[in-house]
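What follows is a set of notes on a single structure, which appears directly below.
Here, each number is a calculation from the coordinates, and none is a lab measurement. The structure presented is a predicted model; accordingly, all values stated were derived computationally and were not measured. Because the Cβ atoms are built from the backbone with ideal geometry, glycine has one as well, and the counts that use them run over all protein chains shown.
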Amino acid sequence: MLIFTHSIIQFPYTIICCAVLICFCGHSLLGTVFLYSLDTSDISKTADKVFKMLDDVVEFVGEENVVQVVTDNAANFKAAGELLIKQREHL
């Protein structure tokens with residue numbers, strides 16, 4: 001299935017049992033679609049690991065379909081965004 005998207009949106013959820021899920025959605029003129037989620041409860045959110053998660057979702061959607069990636073504004077996510085921009089010339 002080909003998804004034409006303009007934005008990839010990442011947002012974390014902490015659920016009652018203290019699990020942390022990071023959800024990835026794609027947004028375009030056609031609307032927003034859930035792509036997938038990751039249980040990151042046991043993963044430290046370093047810039048390198050956040051970069052890997054973001055890079056994987058860009059690869060999943062296709063770099064040519066992504067105009068922007070929207071994340072949390074914490075320092076580790078900002079650093080991951082800078083790494084993603086260096087890695088992915090289209091973004």
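Determine ³J(HN,Hα), in whole Hz, for all residues of segment 33-45 in sequence, where each value follows from phi through the Karplus function 6.51 cos²θ - 1.76 cosθ + 1.60 and θ = phi - 60°; x replaces Gly and Pro.
My calculation for segment 33-45 gives 10, 6, 8, 5, 10, 10, 7, 10, 4, 9, 10, 6, 8 Hz in order.
Going by alpha carbons, how many degrees (0 to 90, nearest 10) lie between the helix axis of 47-61 and the longest principal axis of the chain?
Taking Cα atoms only, the helix is inclined about 40 degrees.
Tell me the angle of helix 75-87 to the major Cα principal axis of the chain, expressed in degrees between 0 and 90 and rounded to the nearest ten.
Around 30 degrees separate the two axes.
Charges only on Cβ, +1 for Lys and Arg, -1 for Asp and Glu: so what's the dipole of the chain about the Cα centre, in debye to the nearest 20?
On the way: 6 positive and 11 negative charges, 41 e Å.
Once rounded to the nearest 20, the dipole reads 200 debye.
With a 10 Å radius around each residue's Cβ, average the other Cβ atoms per peptide and rank 34-47, 58-71, highest first.
Values: 34-47: 13.1, 58-71: 15.2.
Per-residue Cβ counts within 10 Å, averaged per peptide and sorted highest first, yield 58-71, 34-47.
Relative to 2.2 N^0.38 Å, what does the C-alpha radius of gyration of segment 11-82 come to as a ratio? Two decimals please. Provide the component values of the computation, followed by the final result.
On the way: Rg = 12.5 Å, N = 72, 2.2 N^0.38 = 11.2 Å.
My calculation over the Cα atoms of segment 11-82 gives 1.12.
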